[in-house]
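Here the structure is laid out as structure tokens; the discussion comes afterwards.
The values are calculated or read from the model by the stated rules, or taken from the named source; none is laboratory data. Since we're looking at a predicted model, the values are computed, not measured. Here Cβ is always computed from backbone atoms with ideal geometry, including for glycine, and neighbour counts include all displayed protein chains.
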Amino acid sequence: MAFSRIGRALSAREIRDLVSADLEKVESEIHLESIASVDAVTAISKYLHGNGGKRLRPTLLLLCNKLIGETTPGAIRLAAVVEMIHTATLVHDDVIDYSQTRRGKPSANVLWGNHTCVLAGDWLYMQAFQIALRERNFRILDILISLTQMMVEGELLQLERIGKIDITEGDYMELVDRKTASLFSACARLGALIAGADENTESNLSDFAWNLGMAFQLIDDVLDFTSRESVLGKPVGNDLREGKVTLSLIYALSDAAPDERQQVETVLRDANYGRVGLDRILAMIERHQGVERARQRAQVFTDKAREIIADFPESPYQRALLTLTDLITEREF
């Protein structure tokens, strides 16, 4: 990683150390706010929040907040809010996708059933909004309401496209925007807003995080084909098994022969790799450089994010955000 205009890059551990004390407060806030009057909701909430995760979204919010000013109790609460919203989306995603595992453990819907988990996800959404409401700030609510609408619309669009092979790059990017990048963008905007940033600064951090979120999801989808189950915490090739055609495959299909397209259609129709093995799909993607082209596309978003954050005054938090762009693109999990 080259840094001509700023100081040295920070390690992942150093980035974590910058916000570790605040993240502990966020964890306490989540634990306290996840207690419901219905035991099942409390149990599911605690299971989900205790099931690992990088806490990337609260970290992003806190770093953007610290870039502008001192961290306040409001920033801690909003960091808990975005993690609870993220968790709620994971619950609903697992139900919709019939997922069996999440981060190497049984998914909540396997343990508690779909009906209970849908309601638990709804409760987490509402609890997150209730916490946000305590800030008595209409801008915060406006951001969160717009975000939630975007994410739900993204889930509905994905449902419409499940099992379809003719997914365009534009279709795919729209889903990534709605389901992932919009949440990253909201995290940065909320962190800046609660610190009292001006409108231009808030907008720039939002754009930075949006590009970061796009890169994150593109790499996440690449890793679904290139990583290992022990690292992913779920089966390799799971997206295609669930009927999702992601960017590596979209690029490969654009050059694929009719028999190669037929193989992908078979997996989509069967929802398994019984007749067409995953190794054949991976070979086809490699033959047409699907993974390499997807990584290159992710790098475009990474470069844009770096360009935006490099214009901010140098500080440990600015360096952390700059380094984060590379850590996301180069990660193995």
Can you name the condition, by its number, that LEU32 falls short on among (1) farther than 26 Å from PHE312 by Cα; (2) at pLDDT 85 or above; (3) outside any helix (DSSP H, G or I)?
(3)
Please go through the stretch 301-326 and pick out each residue that is under 18 Å from ARG57 (Cβ atoms) and either among the small types (Gly, Ala, Ser) or out of contact with any helix residue (DSSP H, G or I) (no Cβ under 6 Å at 6 or more places or on another chain) (or both).
ALA305, ALA320, THR323, LEU324
Number of positions in the stretch 86-139 that are touching an Asp or Glu at 6+ places or on another chain (Cβ under 6 Å) and of a type in the set (Asp, Glu)
1
Selection within the stretch 183-201 - closer than 20 Å to THR325 by Cβ and buried (at least 22 other Cβ atoms within 10 Å of the Cβ):
LEU183, PHE184, SER185, ALA186, CYS187, ALA188, ARG189, LEU190, GLY191, ALA192
Which pairs do you get when a residue that is without any contact (Cβ under 8 Å) to a residue 12 or more places away in the chain, found in the stretch 24-37, comes within reach of a residue that is assigned to a helix (DSSP H, G or I), reach meaning Cβ atoms under 6 angstrom, with the pair 6+ apart or on two chains?
ILE35/THR42
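Got a sec? Which of GLU307, GLU286 is farther than 27 Å from ASP207 by Cβ, acidic (Asp, Glu), part of a helix (DSSP H, G or I) and at pLDDT 95 or above?
Details: GLU307 fails: farther than 27 Å from ASP207 by Cβ.
After applying the criteria, what remains is GLU286.
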What are the pairs with Cβ atoms under 9 angstrom where one residue, in the stretch 133-156, is closer than 12 Å to ALA186 by Cβ and of a type in the set (Gly, Ala, Ser) and the other, located anywhere, is modelled with pLDDT of 95 or more and assigned to a helix (DSSP H, G or I)? Sequence gap at least six, or different chains.
SER146/SER182; SER146/ALA186
Of all residues in the stretch 80-113, which are among the polar types (S, T, N, Q), surrounded by fewer than 22 Cβ atoms within 10 Å (Cβ to Cβ) and over 22 Å from GLU27 (Cα atoms)?
SER99, GLN100, THR101
Please list, ordered by first then second residue, the pairs with beta carbon atoms under 7 Å, 6 or more apart or interchain, first in the stretch 204-230 and modelled with pLDDT of 95 or more, second of a type in the set (Lys, Arg) and crowded, with 24+ Cβ neighbours inside 10 Å.
LEU205/ARG189; SER206/ARG189
Condition broken by SER37, with the remaining ones in (1) out of contact with any helix residue (DSSP H, G or I) (no Cβ under 7 Å at 6 or more places or on another chain); (2) modelled with pLDDT under 90; (3) assigned to a helix (DSSP H, G or I); (4) farther than 25 Å from ARG331 by Cβ satisfied:
(3)
Please determine, by comparing only the residues of the stretch 114-143 that are loosely packed, with under 13 Cβ neighbours inside 10 Å and closer than 20 Å to VAL95 by Cβ, which one is modelled with the highest pLDDT.
MET126
Assuming ALA192 fulfils every condition listed in (1) closer than 15 Å to ASP97 by Cβ; (2) touching an Asp or Glu at 6+ places or on another chain (Cβ under 6 Å); (3) small (Gly, Ala, Ser) apart from one, which condition is it?
(1)
